[in-house]
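Q: The structure under discussion is supplied below as structure tokens; questions concerning it will follow.
We did not get these values from a lab; they are worked out from the coordinates using the rules stated. Predicted model, so just to flag it, every value in this text is computed and none were measured. Cβ atoms come from the backbone with ideal geometry, glycine included; neighbour counts cover every protein chain shown.
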Amino acid sequence: MSVLILEDNRQILNVLEKLVLSVAEDEKVYVTDNVGEAYKIAMEISIDVFMLDIILYGDKKGDTSGMQYAQSMRKLERYRFTPIIFITSLEDPEMYALRDLHAFGYIEKPFAPSQVENLLRDALHFKTQKEKDAMMFFRKDGILYPVKCNRVIYMELIKRKICIHMKNGDVLSIPYKSFREIMEEANYEKFVQCSRNCVINIDYIKNIDKTNRFITLEGTKTAVEMGGTFIKKVVGVLGL
């Protein structure tokens, strides 16, 4: 899982980074004091928790750059429900932040390390549980089929049908539905389209051959091809 910290105070930035790693040392932490850099990171990497300072430019009257960044993230489908923790010295940001941006919580400066750690644990657990529970539903021959997202290895388009390859070896074949529709309805960040005819679950990636444009996946002997226009997206999502 990945955490992005956007904070203009370098000392606080370093403290927050250490606190994140103290909660879970295998987390990937991305730190920056620049909004432009934060945009770039969020586009190239799948972020699981945002920690955002509301005021990034103290010398600018009425600055709420961190809040504006959060608004931009919420407009993206992939980050509609990603936990956001605001870092602030404002007296009462709760009403606006929680109501309009669905913030997970906020940290008031000066903060106690234990407060940050507890909030982070809750946010990371929330994200993990949401991914575990994510479901898709498909109708075939009048029957509704529930599919758990984290058990899908990959989906491919074959002769106007979508074939969903599952972890247990089952293959569910459903009438044609665009991958865009499927991914929007699933709202599952682990799904990445790697070609016009295939969507993979990045949790099952075993190896990527960028030269020959193939991906091998755990749980299947099939090598999935990467389309030329999709390579950059796949590599960006994985942070390679």
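Q: Using the per-residue mean of other Cβ atoms lying within 10 Å as a proxy for protection, in what order, highest first, do the peptides 201-209, 19-27 fall?
A: The peptides rank, most packed first, as 201-209, 19-27.
Q: How would you order 150-156, 101-107 from highest to lowest mean count of nearby Cβ atoms within 10 Å?
A: Highest to lowest by the protection proxy: 150-156, 101-107.
Q: On to the next question. What translational diffusion coefficient, in µm²/s and rounded to a whole number, does the Stokes-Einstein relation yield for the chain at 37 °C and a viscosity of 0.692 mPa s, taking the hydrodynamic radius as the Kirkwood radius over Cα pairs?
A: In µm²/s, the coefficient rounds to 168.
Q: Which value in deg cm²/dmol, rounded to the nearest 500, describes the helix-derived mean residue ellipticity at 222 nm for the chain, given -39,500 (n - 2.57) per DSSP H run of n ≥ 4 and division by the residue count?
A: After summing the helix terms and dividing by the residues of the chain, the value is -10000 deg cm²/dmol.
Q: Put a dot 7 Å past each Cα toward the Cβ at Ser89 and Asp170; how far apart are the dots in nm?
A: The modelled label-to-label distance comes out at 5.6 nm.
Q: log₁₀ I(q)/I(0) of segment 103-240 at q = 0.09, 0.19, 0.20 Å⁻¹, via Debye over equal Cα point scatterers, no solvent, to two decimals?
A: Reported log10 I(q)/I(0), two decimals: -0.35, -1.10, -1.18.
Q: In addition: Any idea what angle helix 113-133 forms with the longest principal axis of the chain, computed on alpha-carbon atoms, 0 to 90 degrees, nearest 10?
A: The helix 113-133 is inclined about 20 degrees to the chain.
Q: Restricting to the chain, what percent of DSSP beta bridges are antiparallel, rounded to 5?
A: Antiparallel bridges make up about 65 percent of those DSSP assigns within the chain.
Q: Evaluate the distance, in nm, between pseudo-label points positioned 7 Å from the Cα of Phe81 and of Gln115 along their respective Cα→Cβ axes.
A: Calculated label separation equals 2.9 nm.
Q: Rounded, prolate or oblate: pick one for segment 132-195, where a ≥ b ≥ c are the square roots of the eigenvalues of its C-alpha gyration tensor, a/c under 1.5 means rounded, and failing that, prolate if a/b is larger than b/c, else oblate.
A: Verdict is rounded for segment 132-195.
Q: Then there's this: For the pair Lys60 and Asp26, what calculated FRET efficiency results from E = 1/(1 + (r/R0)^6), where r is the Cβ-Cβ distance and R0 = 41 Å, to the nearest 0.05?
A: 0.65
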